[in-house]
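Undergrad: After the structure tokens below, expect a handful of questions from me.
The values are calculated or read from the model by the stated rules, or taken from the named source; none is laboratory data. A quick note: this is a predicted structure, and the numbers were derived from the prediction, not measured. All Cβ positions, even for glycine, are placed from backbone atoms using ideal geometry, and neighbour counts span all protein chains on display. Accessible surface areas use protein heavy atoms only, side chains included; no ligands, DNA or RNA. Shrake-Rupley method; radii C 1.70, N 1.55, O 1.52, S 1.80 Å.
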Amino acid sequence: MTDIHLLVLIHGMWGNPTHLAYMDKIIREVKGSTENAISDAPELAVLLAKANSDESTYDGIDWGGERVAQEILEEVKQYENQGKKVTRFSVMGYSLGGLLARYVIGILHQNKFFEKVIPVNFNTVATPHVGIPRFPSTFSTIANYIGPRFLSRTGEQFFCVDKWSPKGRPLLDVLADPDHIFYQALLLFPNIRIYANTINDLTVPYVTAAIEEIDLFADYEKNGLQIEFHDKYKHVVKSYAISSSPRPRRERKKTSLFTKIRNLRPPLPPVLQGGFPMNLVVYALLPILFPAFVSLALLRLSISSHHSRTRLKALEDGSNKERLAHIIAELESNIESVVLDMYDSQGTSSSSLPPPPIDGTLIQQDSKVVNDYPDSGTPPTQAALFSPVQRRCVQNLNKIPQLQKARAFFEGVLNTHAMIICRDVKHFKFHLEGEGVVRHWADHFEL
């Protein structure tokens, strides 16, 4: 009987399996048949999860997780019918898919899946592990208002305004609770590595993707941050440190007025920006195009959210199967008061976290971080306005001993969220800049 190592790739919000096609290609290239032929390693099988695609991603982390978990169990059954046996299991989630992955492994653990199958690798890329934090900006204020209202159940969970447990705790709080099965399932994986964009990710900010309260990269041009990159993996940070000497100012290249005009890009999706001279036409029409684009986007979100809530009502009314949410609810009713009392006694204000030390050097080697700053400098300001729930999630998740963090650094890009996984290299060639990150993931994947 052939042994199978099943790798599940889970896409993000508004996504579909094609978004992870490049990751699928690279992992098969690096860990595929060639490696199997020269070792006793099991055969790698990749499942691009499709049970929660496109509009279904509005339906919440929990319902999405239920769908993907069922898809995985059906895939395992198919291999059994072919005379093959899934003996090892790994999962990689991109963006929302990382949160789905954390929910999925809880379901599998509840079903005693890991008593027969060995958990190996757990990876996420640009995933909002502690939700979408609020920042002191107008854009963030608008997003925090629109998100929960126009993204249905998923939006509520993204912004931690849902009341998922019987006592009103948000789902992300429960996912990060060491007393619950989701966290306990995560601890079973010997290899846990999360990837985060350090700058220019307008969709999932660094602090939530890397599970950090402090963002040294936000002021990297001013705070003397020295960054060393991997020679083999382009754009992947090998180490970084706050230097005691100020960072030399970059000399800006002088460009002609014509060049500046030629390179102008209006604040619209890349498809609508156009090159010279169309960019000038787009800019001229911006007072019309921008409001129209925003209105159409809100209309689309509103319709999709309405469809999702209708779908959710039908799912809740028609589901006879005991979902993990119901099991958690029973546990919550017994232990949640005690847990919350314990947290309250510890305090949930910003002072509950010890301040970083202020002498020495900061070194990061794809694992734990030591935060130090030069005597002459000042610690970076905390830009993200974390809620008590989000702070608690940061604390709990960073206690996972095998947690490792890899960081990508892309300068000069408007939004790096798609680039980090080479999401659409067919239409956007610049997405190939993320190949170093994808290959770093593939090379560190344990078969």
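Undergrad: Between Asn398 and Phe428, 0.36 nm times their residue separation minus their Cα-Cα distance comes to what?
TA: Between Asn398 and Phe428, full extension yields an extra 7.3 nm.
Undergrad: So how exposed is Phe229, as accessible area in Å² (1.4 Å probe, rounded to 10)?
TA: 80 Å²
Undergrad: Now a separate question. Mind ranking Ser137, Ser165 by accessible surface for me, highest first, 1.4 Å probe?
TA: These residues rank, largest area first, as Ser137, Ser165.
Undergrad: Starting from the Cα-Cα distance between Glu411 and Asp3, subtract it from 0.36 nm times their residue separation and give me the gain in nm to one decimal.
TA: 142.6 nm
Undergrad: So if R0 is 41 Å, what FRET efficiency would Glu316 and Gln82 give, r being the distance between their Cβ atoms, rounded to the nearest 0.05?
TA: 0.70
Undergrad: Taking the Cα centre of region 120-184 as origin, sum charge times position over the Cβ atoms of Lys and Arg (+1) and Asp and Glu (-1), and report the length of that vector in debye to the nearest 20.
TA: 220 debye
Undergrad: Follow-up. Counting heavy atoms of the protein chains only and a 1.4 Å probe, report the per residue accessible area for region 76-178 as a whole number of Å².
TA: Ligands and nucleic acids excluded, the result is 37 Å² per residue.
Undergrad: A further question on this structure: Just the ratio, please: alpha-carbon radius of gyration of region 114-212 over 2.2 N^0.38 Å, N its number of residues.
TA: Expressed relative to 2.2 N^0.38 Å, the Cα Rg reads 1.21.
Undergrad: Once fully extended, how much extra length lies between His307 and Glu29, figured as 0.36 nm per residue of separation less the alpha-carbon to alpha-carbon distance?
TA: Difference between extended and current length: 96.1 nm.
Undergrad: With N set to the number of residues, divide the alpha-carbon radius of gyration of region 151-192 by 2.2 N^0.38 Å and report two decimals.
TA: Scaled against compact globular proteins, the figure is 1.32.
Undergrad: Restricting to Cα pairs below 8 Å that are 6+ residues apart, what does the relative contact order work out to for region 1-96? Please round to a whole percent.
TA: 50 percent
Undergrad: Quick one: pull the percent of accessible area on region 6-94 belonging to carbon and sulfur, 1.4 Å probe, ligands and nucleic acids left out.
TA: 49 percent
Undergrad: Next up: Given labels modelled 7 Å from the Cα in the Cβ direction, how far is it in nm from Ser244 to Val161?
TA: Taking the simple label geometry, Ser244 and Val161 are separated by 4.9 nm.
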